[in-house]
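K.L.:
Before I ask anything, let me first share the structure, which is written out below as structure tokens.
Each value in this text was obtained by applying a stated rule to the coordinates, not by laboratory testing. On a predicted model such as this, the values are computed, not experimentally measured, just so you know. We place every Cβ from the backbone using ideal geometry, glycine too, and count neighbours over all the protein chains shown.
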């Protein structure tokens, strides 16, 4: 799956299947496009827990981290 990565204030990163990041929650400052990644279950990606990321995108439409720690639950 092609996943688009965005950066907000501080060390918060948002991952979304939406190229524009429209699914990302407000309250973290402006989301700025960072890069796009092809994520595949079972294939390691440095700095990203692929399974956790794809599970969150499937369930919530986004995955959030702060310094590589999952914070998706705080945004729900």
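K.L.:
Of the residues 42, 29, only one is surrounded by 11 or more Cβ atoms within 10 Å (Cβ to Cβ) and on the phi > 0 side of the Ramachandran plot; which?
P.N.:
Going through 42, 29 in turn, just one is surrounded by 11 or more Cβ atoms within 10 Å (Cβ to Cβ) and on the phi > 0 side of the Ramachandran plot: 29.
K.L.:
Every residue in the stretch 22-40 that is over 17 Å from residue 66 (Cα atoms) and in contact with a helix residue (DSSP H, G or I) (Cβ under 6 Å, 6 or more places away or on another chain), please. Full working, then the answer.
P.N.:
From the stretch 22-40, those over 17 Å from residue 66 (Cα atoms) are 22-23, 36-40; that's our starting set.
The answer is 39, and nothing else.
K.L.:
May I pose another question? Looking only at the stretch 7-17, which residues are surrounded by 15 or more Cβ atoms within 10 Å (Cβ to Cβ) and either more than 17 Å from residue 69 (Cβ to Cβ) or in contact (Cβ under 8 Å) with a residue 40 or more places away in the chain (or both)?
P.N.:
Within the stretch 7-17, 12, 13, 14, 15, 16, 17 qualify.
K.L.:
Restricting to the stretch 45-67, and then to whatever is in contact with a strand residue (DSSP E or B) (Cβ under 8 Å, 6 or more places away or on another chain) and part of a loop (DSSP other than H, G, I, E, B), can you tell me which residue is surrounded by the fewest Cβ atoms within 10 Å (Cβ to Cβ)?
P.N.:
The extreme case among them is 61.
K.L.:
Please specify each residue of the stretch 1-43 satisfying the condition of being more than 17 Å from residue 75 (Cβ to Cβ) and part of a loop (DSSP other than H, G, I, E, B).
P.N.:
1, 19, 20, 39, 40, 41, 42, 43
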